[in-house]
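Below is one structure; the comments refer to it alone.
The values are calculated or read from the model by the stated rules, or taken from the named source; none is laboratory data. From a predicted model like this one, the values you see are computed outputs, not experimental measurements. Every residue, glycine as well, gets a Cβ built from its backbone with ideal geometry; the counts of neighbours run over all protein chains shown. These accessible areas exclude ligands, DNA and RNA; they are computed on the full protein's heavy atoms, side chains included. Shrake-Rupley method; radii C 1.70, N 1.55, O 1.52, S 1.80 Å.
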Amino acid sequence: QRISTYILELGICMHSVLIGLDLSVTTGGSFKTLLVAICFHQFCEGLALGSRLSDPAHHHGKSYKRAFLGAALSAGAFMLITPLGMVIGIGVRYSYEPNSPSSLLSMGVLDALSAGILLYTGMVNLLAEEFGTLEFRGYRLRKKIACFAFCFLGAGVMALIGKWA
């Protein structure tokens, strides 16, 4: 349980650095669109991470003070990591050539790595854990269909935001 939360946070933090970097080197009219998309996207990622950090199973065997400190450090890292990416982007803004082969290759590799981590944790740790519980299995068919429909709707909205940005 704890390892899956740390893997989720690693993927979110890597992804957040990259989108902070991307936001700080974006100019023109696409900046506003990207900013709105990133704010919504970060909100959803924060909810996912917060739900994992607040899960009592995540704090099994720890004192209340130690569990709170660990959750606060994780939340603080999430809160500061996108601005860190923005600081890096501002630092390299004038030397960064977004269409150079080395920039495209490095951004592609880092995007693929963070996307893979996020997909893995989303599918294996978050969805399997939520939809595999005894409570979920006890739901009526109509409620199960609604849960899956809203899950796919959320994925579709996030994909639309990703396409739009």
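At-a-glance table
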| item | result |
| --- | --- |
| Meets criteria (modelled with pLDDT of 80 or more, under 22 Å from F40 (Cβ atoms) and in a helix (DSSP H, G or I)) for L84 | yes |
| Single residue of S74, S103 found to be in a helix (DSSP H, G or I), small (G, A, S), surrounded by 13 or more Cβ atoms within 10 Å (Cβ to Cβ) and more than 21 Å from the chain's Cα centre (by Cα) | S103 |
| Residue in segment 134-141 that is of a type in the set (F, W, Y) and free of Cβ contacts under 8 Å to residues at least 12 places away in the same chain present | yes |
| Residues (open to solvent by 60 Å² or more (accessible area, probe 1.4 Å), more than 26 Å from A37 (Cα to Cα) and in a helix (DSSP H, G or I)) located in segment 137-165 | R137, L141, R142, K143, I145 |
| From L134, L110, L118, L127, residue being surrounded by 14 or more Cβ atoms within 10 Å (Cβ to Cβ) and farther than 30 Å from T26 by Cβ | L127 |
| Selected residue [of a type in the set (G, A, S), more than 22 Å from M158 (Cα to Cα), open to solvent by 30 Å² or more (accessible area, probe 1.4 Å) and out of contact with any helix residue (DSSP H, G or I) (no Cβ under 9 Å at 6 or more places or on another chain)] from S30, S95 | S95 |
| Considering residues of segment 9-27 that are open to solvent by less than 40 Å² (accessible area, probe 1.4 Å) and among the hydroxyl-bearing types (S, T, Y) only, the residue farthest from L160 (Cα to Cα) | S24 |
